[in-house]
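Engineer: For reference, the structure I am asking about is given below.
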Amino acid sequence: MNPFSQALLSNDLELIKTFPKSDLHNHASLGSRLSAFESWCGKSLPKPPEKMSALEEMDIYLTEVLAPTLLNRAGFEYSIQAAFEQAFDDGVNTVGMSIDCFFATMFVNIDEFIQTIEGIYHSEGKEIHYLPELGINRAMKADLIESKVMPCLESGYFKAIDLYGVEAENDFMKFKDIYRFAENHNIKRKAHCGEFLGAESIRKTVEALQLQEVQHGITAVQSKEVMTWLQRNNIQLNVCPTSNVRLGRVEKMEMHQARILADKGISITINSDDIMIFDQSVSQEYVNLYKAGVFSGEELDLIRLNGLK
Ligand SMILES: [Zn+2]
């Protein structure tokens, strides 16, 4: 038995944390524990609902509970710093965490925004391999795309891009130019899809935006054809098990779609999504899948190594 499997079998979380891991689906401003955030802001906050019916329900919690403290410059700087600390503590040495472009509106200009992120990385995360990733909410207004997203990409600092928010059919159209720019400038292209919409939406989004990685993509299991297509085109799915359970995308961990996707030969990785909401580190997610019998220890070790490639 390999050492990672042994650590899972003995349910030794502290030991599991010492193994290098990646977190390639992590929203930086929600990338640390709620308990740490409560300590920082000096007050206790209501917990997110255990089960949420849709992303809209999570958005209500974000807006009502977290945004008043988080959605300002001090909250932003704290959350990025805390996300690096959380990753370091969990043995995550390769992180692809997206920084929402909306936060750029809180800075005098794009240079100051980038220098702030870079300063936090150098003080808190320099031992972590971090690929600066720009996050865009599907609901972002057109004027902000023009005034913030494009200058951020043109700066050359961001090496990856991610799109998220409530999925709607063909809603990727308004982002095609951004993704074309990214493709022409060797910026990694990721987007959330196949979390709420069906399998075909994944293929459409990947083709339209020339994605290299998909955040979630779990509804691919609805179509053997789409799964084969993802496998043949080497599209990686960055899955987040607890997020999927709590947002009702799978009934329980034991039934998580990752098993079927991996059996089809699709490249998958295990990630945290929003630790402040789902309260599970990457190490805990490995434990969750192991305990639920979704994967053996050996299989989880291969998935772990896949994320470090
Ligand atoms: Zn996500």
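Engineer: What span do the alpha-carbon atoms of region 242-309 cover on each of the three principal axes, reported in whole Å from largest to smallest?
Structural biologist: Largest first, region 242-309 extends 28, 23, 19 Å along its Cα principal axes.
Engineer: Quick one: putting +1 on the C-beta of Lys and Arg, -1 on the C-beta of Asp and Glu, what dipole do you get for region 68-123 around its Cα centre, in Debye to the nearest 20?
Structural biologist: 120 debye
Engineer: Among the lysines, which fall within straight-line cross-link reach of K159, defined as a Cα-Cα distance under 28 Å, with same-chain neighbours fewer than 8 residues apart omitted?
Structural biologist: Filter leaves K17, K21, K126, K141, K148, K174, K176, K188, K190, K204, K309.
Engineer: Over the alpha-carbon set of region 1-65, divide Rg by the Kirkwood Rh and report the Rg/Rh ratio to two decimals.
Structural biologist: Ratio of gyration radius to Kirkwood radius for region 1-65: 1.10.
Engineer: Take the Cα gyration tensor of the chain, multiply each eigenvalue by 5, square-root it, and list the three semi-axes largest first, rounded to whole angstrom.
Structural biologist: 27, 24, 19
Engineer: For region 122-202, what is Rg from Cα atoms divided by 2.2 N^0.38 Å, rounded to two decimals?
Structural biologist: The reported ratio for this selection is 1.18.
Engineer: Can you tell me what share of the DSSP beta bridges in region 3-307 is antiparallel? A percent to the nearest 5 is fine.
Structural biologist: Of the beta bridges lying entirely in region 3-307, close to 0 percent run antiparallel.
Engineer: Could you please report the charge total around S5, scoring K, R as +1 and D, E as -1 over all other residues with beta-carbon less than 10 angstrom from its beta-carbon?
Structural biologist: Here the charged neighbours net out to -3.
Engineer: Over region 3-307, what is the relative contact order in percent, taking alpha-carbon pairs closer than 8 angstrom and at least six residues apart?
Structural biologist: Computed over region 3-307, the figure is 22 percent.
Engineer: How big is the convex hull of the Cα atoms of region 163-309, per residue, in Å³?
Structural biologist: Output value, Cα hull per residue: 109 Å³.
Engineer: Given all pairs of different Cα atoms, what value in angstroms does the Kirkwood hydrodynamic radius of region 185-259 take?
Structural biologist: 12.4 Å
Engineer: Show log10 I(q)/I(0) for region 1-134 at q = 0.17 Å⁻¹, two decimals, from a solvent-free Debye sum over equal Cα scatterers.
Structural biologist: So the normalised log intensities work out to -1.00.
Engineer: Quick check on packing: order 195-202, 14-21, 37-44 by the mean number of other C-beta atoms within 10 Å, highest mean leading.
Structural biologist: 195-202, 14-21, 37-44
A short reminder: the numbers here are calculations on the coordinates, not readings from a lab. Everything quoted here is computed from the prediction, not taken from an experiment. All Cβ positions, glycine included, derive from the backbone under ideal geometry; neighbour counts span all protein chains shown.
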